[in-house]
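The values are calculated or read from the model by the stated rules, or taken from the named source; none is laboratory data. Keep in mind it's a predicted model, so treat the numbers as computed, not measured. For neighbour counting, all protein chains shown are included, and Cβ atoms are generated from backbone atoms with ideal geometry for every residue, glycine included.
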């Protein structure tokens with residue numbers, strides 16, 4: 001299968017790669033460095049330009065979505081907007097545009113995160129957009145064209161990211177990226193659609 | 001109790017009024033006609049101006065949130081943005097600004113809708129933002145200041161709105177606005193917080 005991984009440079013993208021490296025993988029990221037292509041998922045023209053270069057694919061993985069973290073009462077308009085533009089609308093954009101380039105019976109796999117199920121302080125924008133993406137996937141699966149499937153991986157914190165997020169997630173058990181990679185593999189190589197693949201310990 | 005109902009002109013606002021009419025109710029809406037005040041919830045300055053006029057309240061009800069309806073594959077950037085600005089960010093704005101004007105141990109009650117649980121064609125933006133608001137309420141409840149509570153009413157279609165929405169919701173059983181009013185009353189007069197009050201038949 002030819003698989004496009006957006007956000008391949010990030011730790012979540014690296015986790016997805018662990019589960020999908022045996023395929024023909026094409027990588028993209030915001031900076032483009034060390035990836036095959038550059039893309040800004042907040043810009044539909046940038047997404048379309050990416051797909052025009054990559055051509056038809058069997059699966060699209062989104063492993064990005066920027067979130068701002070702050071206590072709810074001090075969170076600014078800009079922090080909400082940046083998070084929604086990237087993690088929510090950015091991923092929806094990728095599906096909207098990508099529909100024209102995914103093969104019949106291909107698939108999309110998006111990313112959310114466990115904080116909509118296990119909330120912690122300062123993560124309300126992350127939780128809200130994760131809840132939105134989980135809902136989006138459950139509902140839009142019914143109207144994807146040409147047998148295209150869509151799922152979302154909702155992981156807890158990665159072992160590889162524990163040094164960054166561990167302090168804000170006391171009592172959480174991190175999981176190895178390789179386990180999250182298996183969830184991406186299950187979405188891409190399976191027949192499920194409209195599912196939220198929770199990876200938690 | 002002094003209760004501010006935003007969106008009091010709409011059918012959902014009228015339903016809320018049915019459950020709360022025995023209180024000191026102050027009403028607001030986008031047009032302001034037949035209401036005490038005018039407000040645009042997509043504009044934080046407009047929300048602050050409203051609260052400056054109304055003063056401290058014991059409860060805030062949001063009964064508005066505009067949604068655009070279309071098949072996912074034809075839905076435009078603008079349709080997504082308008083829906084997110086109103087139904088998602090508009091309601092979050094109301095809580096952010098309103099926190100400064102709600103009495104200790106007061107409450108917010110927001111509105112979502114059953115289509116995130118029972119999806120139908122052309123309602124992906126409604127479903128996605130309803131899922132976001134349900135998640136927002138479940139998670140933000142833990143960090144509301146001064147004992148302030150927050151819940152969301154998630155109703156199915158109203159009997160009073162069946163002529164508008166019935167055709168897109170085959171097999172749904174509408175509920176009377178008075179029953180939805182009781183959910184608002186349960187949120188305002190009870191002690192629950194962080195709950196999604198589903199009203200379905």
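Considering segment A:30-133, the qualifying helices (runs of 4 or more DSSP H), each wholly inside and each with 3 or more residues that are more than 12 Å from chain B (Cβ to nearest Cβ), run over A:44-54.
When residues in segment A:180-201 are screened for being within 17 Å of the chain's Cα centre (by Cα) and more than 25 Å from residue A:105 (Cα to Cα), 1 of them pass. For segment A:98-116, a residue qualifies if it is in contact with a strand residue (DSSP E or B) (Cβ under 7 Å, 6 or more places away or on another chain) and under 21 Å from residue B:195 (Cβ atoms), and the qualifying residues are A:114, A:115.
For segment B:52-66, check the following and say yes or no: at least one residue is at pLDDT below 95, surrounded by fewer than 21 Cβ atoms within 10 Å (Cβ to Cβ) and in contact with a helix residue (DSSP H, G or I) (Cβ under 9 Å, 6 or more places away or on another chain). Looking for residues that are at pLDDT below 95, surrounded by fewer than 21 Cβ atoms within 10 Å (Cβ to Cβ) and in contact with a helix residue (DSSP H, G or I) (Cβ under 9 Å, 6 or more places away or on another chain), one finds at least one in segment B:52-66, hence yes. Of all residues in segment B:89-98, none satisfies being modelled with pLDDT of 95 or more, crowded, with 23+ Cβ neighbours inside 10 Å and more than 15 Å from the chain's Cα centre (by Cα).
Only a single item in (1) more than 20 Å from residue A:99 (Cβ to Cβ); (2) within 14 Å of chain B (Cβ to nearest Cβ); (3) part of a helix (DSSP H, G or I) is not met by residue A:179, and it is number (2). Of all residue pairs spaced 6 or more apart or on separate chains, none has beta-carbon atoms under 7 Å together with a first member in segment B:136-155 that is within 12 Å of chain A (Cβ to nearest Cβ) and on the phi > 0 side of the Ramachandran plot and a second member that is part of a helix (DSSP H, G or I) and modelled with pLDDT of 95 or more.
In this structure, is residue A:194 part of a loop (DSSP other than H, G, I, E, B) and more than 14 Å from every other protein chain (Cβ to nearest Cβ)? No; evaluated as a whole, the condition is false for this residue. The sole residue among B:112, B:86 that is within 24 Å of residue B:29 (Cβ to Cβ) and surrounded by 22 or more Cβ atoms within 10 Å (Cβ to Cβ) is B:112.
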